[in-house]
Each structure stands twice: as structure tokens, then as C-alpha cells.
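Accompanying notes for the structure given below.
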Amino acid sequence: MPELSLAAAAPAVSPGPNPDAAIQPRPASGGVNALVMISRSLRLTRRNIDALLTSLLLPVMIMLLFVYLFGGAIHTGTAYVSYVLPGVLVLCAGFGSALTAVRVTEDMAGGIIDRFRSMDVGGTAFLAGHVVASVVRNAISTVLVVGIALAIGFRPHATVLGWLAGAGLLLAFIVAISWLAAVIGLLARSVEAANGATFVVLFLPYASSGFVPIATMPTWLRGFARDQPATPVIDSLRAHLLGTAPGGSTWQALAWCGGILAVSAAASAVAFRRRTEC
């Protein structure tokens, strides 16, 4: 009788699932990555007390400076605090965006972005964390500035719908300008360069209708002040808060915000890919 080999005598065993494959983590979705990056950026904001206090208190100091030092000499047809408040709120967005640019540059220069890329964290999730942190900082700063303005004489005449429209418009501007600052942070090679490049964003509210009527400006400056993004945002905010008709300024402001956001989102995708592939 022929002998059976061990291989033939052994019962057939179907191969089970690979245990190594079972313990491998699944890649996180883009939404989960974005939430993680948002949580990280908020924690960093909370820990950096000096920068947080500066971004919160500096707009308040600027408003008090303009109201009490220059307000008596500037005639706007209404209480100067009511006139200047929208400009200060837009200025808050500029200060918040400057901090966003610095934070993005620090991450790009510090090497942590390589670890994020190894965990399949995309550029959109990474930048979304910084933008949301900027929105939160600006929301706190906005509430603080409005509270101080009410204490020193601001008397709004806005309806509930007017408050909601003003808040939505300001939110759109903050998101757009924060994403633009994130692009600046990606392009800058140092924190100093990022901080200096955001000066353009900070300059816009000053050369607008935020602090003085455009008609009082020199002729050569009026065209720029009238046709730049901060002016329609400020004019629309002022109209909503004071209960007057905004006219076409709201649509102009939304068009500016949408254009800035679209261009910034596209530019950030290109800049992030180039920086991480170098």
C-alpha cells in the first residue's frame, strides 16, 4: 500500500484573514482630519496668551483712540463711535488674519507638516484648522469690541434680521481674509516675512470709509478707498447696524468675499503642494 505523504494526509485548511492587515489603521477621512486640525489650532491659540490678548485688546484700544482723540474733530453726521465701529470690526479681522499667517509659517518651517503628511493629512484640513481658529478669535474680539462700544455710547437701530445680516457678512469677510492670510503663511519663508506681508491686509480698513468719509480724502486716494474690498463691507455693516438701507454695498461686499475666498483656496492648494513636495 503506498505511503501517504504528510502534505497529502494533512487536512486542507483555508487561509484566514491576514492578522497584520486586520490591525492596520484605516486612513482618516478629510472631515476627521479637519476636526483634528481645528482642535489643534484652538489649543495652540489658548496656550499663546500674549498673542491672544494682543489680537483681542488692540482693536479695543484703537477704537478708544479714535473715539476720544479724533472723534471730536471728525464730523460724520452721527455719533463717531457709531460711525467707526464697523471699521474697527473689519480691522479685527485683519489682526486675526495676521496671526493666522504667522501660525501657518511656523508650522511650515518647524517640520511638523512632514509628520502631518505622513499621516495623510491634506492641505485643506491643515489650513481649515488655522482658519477656524481665526474665526473663533475674531468672534471673541467682535463681541468684546461691540460691548465696549455700547458702553461708550453706541446705540444701534438694527432689527434682528439686520444683526443676522451684519454677522453673516462679517463672518464671510473673516473667512475670506483668513484664508488669504493662510496663503501668505504658505508663501512666506520666515515668521518676520509673514508678519510683514500681512500689513497690506491691515492697511485696507484705514484707507476706506471706516474712519473718515471718503469725500474728505484727497482726490487721488478716493478711487482706491471706494473700490477696495474693505469699503463695501464697512458700509454694509454700518447700514445694518444703524438700521438704514445698505443699497448695493452688501452685494458688492459678498462679491469681494467670494472672490477672495475662491482665489485664496485655489492658490493655497498650489502653494501647499509645492511647499510639501520640495
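Looking only at region 215-257, residues that are among the small types (Gly, Ala, Ser) and under 18 Å from Gly162 (Cβ atoms) come to 8 in all. Among the conditions (1) surrounded by fewer than 22 Cβ atoms within 10 Å (Cβ to Cβ); (2) more than 12 Å from the chain's Cα centre (by Cα), Leu171 misses just one, which is (2).
Is region 132-147 home to any residue that is open to solvent by 50 Å² or more (accessible area, probe 1.4 Å), of a type outside the set (D, E, K, R) and assigned to a loop (DSSP other than H, G, I, E, B)? There is no residue in region 132-147 that is open to solvent by 50 Å² or more (accessible area, probe 1.4 Å), of a type outside the set (D, E, K, R) and assigned to a loop (DSSP other than H, G, I, E, B). Listed by position, the helices (runs of 4 or more DSSP H) contained in region 160-265 that have at least 3 residues being farther than 23 Å from Val67 by Cα and of a type in the set (Gly, Ala, Ser) are 160-187, 191-197.
Checking the conditions here, which among Ala271, Ala255, Ala197 is of a type in the set (Gly, Ala, Ser), open to solvent by 30 Å² or more (accessible area, probe 1.4 Å), in contact with a helix residue (DSSP H, G or I) (Cβ under 9 Å, 6 or more places away or on another chain) and modelled with pLDDT under 90? Before the answer, list the steps.
On the way: Ala271 fails: open to solvent by 30 Å² or more (accessible area, probe 1.4 Å); Ala255 fails: modelled with pLDDT under 90.
That would be Ala197, the only listed residue that is of a type in the set (Gly, Ala, Ser), open to solvent by 30 Å² or more (accessible area, probe 1.4 Å), in contact with a helix residue (DSSP H, G or I) (Cβ under 9 Å, 6 or more places away or on another chain) and modelled with pLDDT under 90.
The values are calculated or read from the model by the stated rules, or taken from the named source; none is laboratory data. Predicted, not measured: the structure shown is a model, and the values here were computed from it. A quick note on method: Cβ atoms are made from the backbone with ideal geometry, for glycine too, and the neighbour counts reach across all protein chains shown. Just the protein is used for accessible areas: all its heavy atoms, side chains included, with ligands, DNA and RNA removed. Shrake-Rupley method; radii C 1.70, N 1.55, O 1.52, S 1.80 Å.
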